[in-house]
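The values are calculated or read from the model by the stated rules, or taken from the named source; none is laboratory data. These figures come from a predicted structure and were not determined experimentally. Cβ placement follows ideal geometry from the backbone for every residue including glycine, while neighbour counts extend to all protein chains displayed.
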Amino acid sequence: MTMKKEMGTKSLPMLLKGLLLIGLLLAAACGNNASNEGQQSNAGPDSTNAASNAAPETVKDPVNLKFLYIWPEYEAIMNETIRLFEEKNPHIQVEPEIVPWDKAIEVMQTKVAANQAPDVSFGWTHWMAPFVNEVDAAMPLDDYLQQDPAWEQSFIRSDLLDISVVNADKPFVSNIPFKLSFQVVIYNKKMFSDHQLEVPQTREQMEQTMEKLAANGIIPLAASGKDGQIDMLKDSFAGMNFVKNGTAQGAWLAGEESYESAEYIEAMELAKQWFSKGFFGKDAFAVGNDEIANLLLTKRAAMILGNNNQIPTLQEQVDDELGAFLFPAAEGLKIQAPLTADGFFVLKTTQYPDEAVEFLKHLTSEEVQKLWASQSKSMPVLQNLNTGDETLDGLIDQIAASATDYPVQKLTYNPAELSKQLQAAFAEYLLNANADVTASAKKMEADHRKAIESSQ
């Protein structure tokens with residue numbers, strides 16, 4: 001008992017000391033926790049701000065793209081197209097300028113010479129020689145296309161991009177197609193039905209169809225000699241002759257073949273034969289395209305040579321349903337679609353090549369192509385993208401199915417002025433019943449050579 005009391009008495013102070021020590025330790029721990037919590041609480045906002053300031057959003061420098069195009073009649077649609085692009089690219093502003101279609105090349109050449117060229121300009125895919133050979137203004141687009149295979153492979157025909165390669169020494173794509181534009185035959189379906197006619201599948205059938213219509217006092221195929229439609233048809237005949245004879249190579253590919261060749265002579269003679277029979281109308285060289293269209297609308301002509309872009313406007317003005325087809329090839333040959341397009345190119349002088357190409361991609365996007373197809377009945381350049389218009393979609397199918405293995409001409413010179421001279425010489429040949437085809441071809445070839453030499 002005594003021993004237990006002694007031990008209990010001695011243990012009490014030690015127990016109190018132990019409890020006191022534990023209390024101090026707990027207090028210290030609580031103090032440290034409070035201090036840490038305070039530090040964390042105080043550090044929270046600062047660390048959040050530091051994190052947000054560490055990776056700020058990149059602010060892109062403003063870009064102003066100057067953009068030249070034609071079609072004042074489609075200004076509202078183009079403005080919507082630009083708005084959609086700027087909405088997706090808020091740092092880019094597109095500044096548009098509209099010029100008349102028949103002054104586009106002249107205006108652009110003047111701007112290039114004066115160092116006032118836009119960043120992106122309108123240009124026909126098949127007439128890029130003035131901006132590649134003459135003034136060396138078009139920027140190569142091959143690298144951009146190769147870096148984006150989906151874009152490169154999106155077009156309706158695999159060879160559509162190749163049209164703008166116009167120089168063997170500069171073998172690059174210089175133009176991106178925007179909407180298809182080419183010569184077609186537009187016809188009145190009811191008039192065909194009334195005369196038990198079907199759409200001809202060959203050039204020989206086409207001639208038989210025109211014979212029947214002419215016998216009934218109807219202009220078979222109204223065409224303007226004044227505005228070059230008959231001249232274009234003659235060139236189409238010649239092209240088919242070169243393909244048929246296996247001579248569509250060398251000089252022909254560069255548009256430098258001789259107008260005195262057998263292929264051209266044969267084409268000129270066929271055109272004159274049709275002209276003499278009245279197939280194009282008696283006043284073909286006295287009327288322009290507007291008057292030709294009126295012949296179709298008033299049913300004095302069953303067919304006209306026109307452009308695919310005319311079809312929607314003409315259809316609005318006539319009750320009868322209109323149709324259209326590519327001019328048929330001679331028997332034994334596949335139809336060669338006149339694969340030309342209204343397109344755009346980037347100028348070498350642009351300070352914003354990447355942004356300019358992004359704008360080209362936007363113009364050929366499915367969204368924009370659908371917009372133009374629905375609001376202007378333009379023929380899209382993309383695969384499997386129809387307009388909803390039976391006539392236009394039929395042409396698109398013909399384009400997609402037409403021959404892709406035919407050689408394509410890539411002119412090395414500006415054909416604009418030459419075309420006027422050749423049209424005048426060809427008109428003299430057609431209008432003069434006694435004109436010698438060889439002499440006429442010789443005169444045309446002389447003008448042809450001058451145009452080629454002036455571009456070199």
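Numbers at a glance
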item: Lone unmet requirement of (1) within 30 Å of residue 168 (Cα to Cα); (2) touching a Phe, Trp or Tyr at 6+ places or on another chain (Cβ under 9 Å); (3) buried (at least 19 other Cβ atoms within 10 Å of the Cβ) for residue 259; result: (2)
item: Selection count, region 378-418, where residues are crowded, with 19+ Cβ neighbours inside 10 Å and modelled with pLDDT of 80 or more; result: 10
item: Pairs with Cβ under 8 Å, 6+ apart, first in region 433-456 and free of Cβ contacts under 8 Å to residues at least 40 places away in the same chain, second of a type in the set (Gly, Ala, Ser) and not in a loop (DSSP other than H, G, I, E, B); result: 443/425; 447/425
item: Residue that is nearest to residue 94 (Cα to Cα) [pool: residues in region 112-123 that are in contact (Cβ under 8 Å) with a residue 24 or more places away in the chain and either among the β-branched types (Val, Ile, Thr) or surrounded by fewer than 21 Cβ atoms within 10 Å (Cβ to Cβ) (or both)]; result: 120
item: Qualifying residue in region 322-341 (condition: more than 30 Å from residue 165 (Cα to Cα) and in a loop (DSSP other than H, G, I, E, B)); result: yes
item: Cβ pairs under 6 Å, 6+ apart, first in region 371-400 and touching a residue at least 12 places away in the same chain (Cβ under 8 Å) and closer than 12 Å to residue 157 by Cβ, second of a type in the set (Ser, Thr, Tyr) and surrounded by 18 or more Cβ atoms within 10 Å (Cβ to Cβ); result: 382/154
item: Residues being within 20 Å of residue 221 (Cα to Cα) and either in a loop (DSSP other than H, G, I, E, B) or within 31 Å of the chain's Cα centre (by Cα) (or both) - total across region 240-270; result: 2
item: Single residue of 51, 104, 76 found to be farther than 20 Å from residue 164 by Cβ, modelled with pLDDT under 95, of a type in the set (Gly, Ala, Ser) and part of a helix (DSSP H, G or I); result: 51
item: Some residue of region 161-171 being at pLDDT 90 or above and basic (Lys, Arg); result: no
